[in-house]
Amino acid sequence: MKRKIYAELVKWKEQTKGKEALLIDGARRVGKSYIATQFAQENYKSYILIDFNQVSEEIKNLFNNYLDNLDDLFLYLSNYYNVKLYKRDTLFIFDEVQQFPRARSAIKYLVADGRYDYIETGSLISIKENVTDILIPSEERHLKMYPMDFEEFLWALNNDTLMDFIKECFKNKKPLGNILHRKAMDYFRKYMIVGGMPQAVLEYVNTQDFNQVDQIKRNILNLYRDDIKKHAGKYSLKAQDVFDNIPSQLQKHEKKFHITSIAKEAKTRDYEDAFLWLNDAMLINNCYNTTEPSLGLSLNRDNSSLKCYMADTGLLISHSFDEKGLTTEEIYKKILFDKLEYNGGMIIENIVSQMLVTSNHKLYFYSNSSKESQDRMEIDFLIAKQRITSLHNISPIEVKSGRNYTLTSLNKFMNKYKEYLDMAYIIHTSDLKVENKIIYLPIYMTGLL
């Protein structure tokens, strides 16, 4: 399946010419190993993939014993994997490199040697325990890999034209029209159900069976739970509690994560490391309250008030409806035909958060519970312009899952902070329109912001 990150790998090879390694960071099962291997096969004369999740101690010891003698290191690796090495035309892939930090530390010397290229793939890579007592290489370009986005999902279904038309309509701020909007929403609802995990998408492409797709997603969720238990260390129990409580927290009207629902006496600061761990592992996307939408959203961040979204909405659906261990076909039908009233807002808001993160936005929202009516408001998301100017940098985003809704909070927000604000957006399930200085954006365009 075609992935956009492939073009970034080509760009890295052409720009760096071996002077930097590339670290692809992402959650388990987003396709890191697959894309690195595909890239190696199509762009190098030979490659060696070393999977540190299952490699022998014998290979690990090579990195411990031969970094001062790279000729011998390469000789052993070439013969062990039975692969001929070609100067400037061989790629080494260090898969799941977080399992053996010594190999990551070795990148400094391997890149300086200059003979070959290096790609590292990893999940949980930024966790402090994984870099203790090693030299973090400065010769390392970072690239985040996310679940498949909507356009990649369309490509997987052999639709190479619809997203081009959507982009054109977004650029010109014009609606798609009834027929094509309905077609885009049909595809998008399938995307929400299946999600962006490549294995789940491939299962849907091959079978068109949501129940079989659901089983794939449940296997991935179980893998994530095992990862948390195995790798989260002293944060393990709290991280598990946070992970398992995400659906119930997102069902609430304001979507904020209330720690007291886990334990009565619990405080947010006691769970802060667990939230950060899960976010670093790219299993969740944390969204923080900013107390004022000024130049720097992060400058006014309130760490004690956050929303917690799943990194993949398809996984969230399987995570949410698990009373019998399997999401029933009836629930999928309701989502597919836009008949899911309960939980519908949770799913729509989660996929918006996912699309914003994939488009390189950090997640912020605005919440003020003032006793004064004119100051009491909730805004789902705030995003900043790429280039900051003295005024009008922040765009408020309200997400509406139903057809009937009010704009009370947005209107108050726009009135109070008008000097700070750029364009305001309503993301909804209807077609595009522009009205009263607000762009009403169909949800499938979110990733274009």
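The values are calculated or read from the model by the stated rules, or taken from the named source; none is laboratory data. Everything numeric here is computed off the predicted structure, so don't read it as measured data. Here Cβ is always computed from backbone atoms with ideal geometry, including for glycine, and neighbour counts include all displayed protein chains.
Taking the criterion of being among the acidic types (Asp, Glu) and either under 21 Å from Met148 (Cβ atoms) or within 22 Å of the chain's Cα centre (by Cα) (or both), the residues of the stretch 1-56 that qualify are Glu8, Asp25, Glu42.
Please report, ordered by residue number, the helices (runs of 4 or more DSSP H) entirely within the stretch 208-287 with at least 3 residues that are closer than 23 Å to Gly122 by Cα, touching a helix residue (DSSP H, G or I) at 6+ places or on another chain (Cβ under 7 Å) and of a type in the set (Lys, Arg). Passing ranges, in order: 210-231. Considered as a group, the residues in the stretch 396-413 that are buried (at least 19 other Cβ atoms within 10 Å of the Cβ) and modelled with pLDDT of 90 or more include one that is farthest from Phe153 (Cα to Cα), and that residue is Phe413. When each of Asn368, Asn343, Asn350 is tested for being polar (S, T, N, Q) and modelled with pLDDT of 95 or more, the lone residue that passes is Asn350.
So for the stretch 383-390 (the condition being part of a strand (DSSP E or B) and either surrounded by 17 or more Cβ atoms within 10 Å (Cβ to Cβ) or assigned by TED's automatic domain parsing to the domain that holds Asp209 (or both)), does at least one residue qualify?
Yes, because at least one residue in the stretch 383-390 is part of a strand (DSSP E or B) and either surrounded by 17 or more Cβ atoms within 10 Å (Cβ to Cβ) or assigned by TED's automatic domain parsing to the domain that holds Asp209 (or both).
Taking Lys167, is it in contact (Cβ under 8 Å) with a residue 24 or more places away in the chain, surrounded by fewer than 18 Cβ atoms within 10 Å (Cβ to Cβ) and within 16 Å of Phe150 (Cα to Cα)? Yes; evaluated as a whole, the condition is true for this residue.
Of the residues Gln208, Gln199, which single one is without any contact (Cβ under 8 Å) to a residue 24 or more places away in the chain and of a type outside the set (Phe, Trp, Tyr)?
Gln208
For the stretch 79-88, the count of residues that are touching a strand residue (DSSP E or B) at 6+ places or on another chain (Cβ under 6 Å) and either crowded, with 17+ Cβ neighbours inside 10 Å or assigned to a helix (DSSP H, G or I) (or both) is at least one.
Per-residue answers, yes or no, for (1) in contact (Cβ under 8 Å) with a residue 40 or more places away in the chain; (2) touching a helix residue (DSSP H, G or I) at 6+ places or on another chain (Cβ under 8 Å); (3) outside any loop (DSSP other than H, G, I, E, B):
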{"site": "Leu340", "(1), (2), (3)": "no, yes, no"}
{"site": "Ile348", "(1), (2), (3)": "yes, yes, yes"}
{"site": "Ser367", "(1), (2), (3)": "yes, no, yes"}
{"site": "His392", "(1), (2), (3)": "no, no, no"}
{"site": "Ile397", "(1), (2), (3)": "yes, yes, yes"}
{"site": "Gly402", "(1), (2), (3)": "yes, yes, no"}
{"site": "Tyr405", "(1), (2), (3)": "no, no, no"}
{"site": "Asn415", "(1), (2), (3)": "no, no, yes"}
{"site": "Ile427", "(1), (2), (3)": "yes, yes, yes"}
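Candidates are the residues of the stretch 248-287 that are touching a residue at least 12 places away in the same chain (Cβ under 8 Å) and basic (Lys, Arg); the one that is surrounded by the fewest Cβ atoms within 10 Å (Cβ to Cβ) is Arg269.
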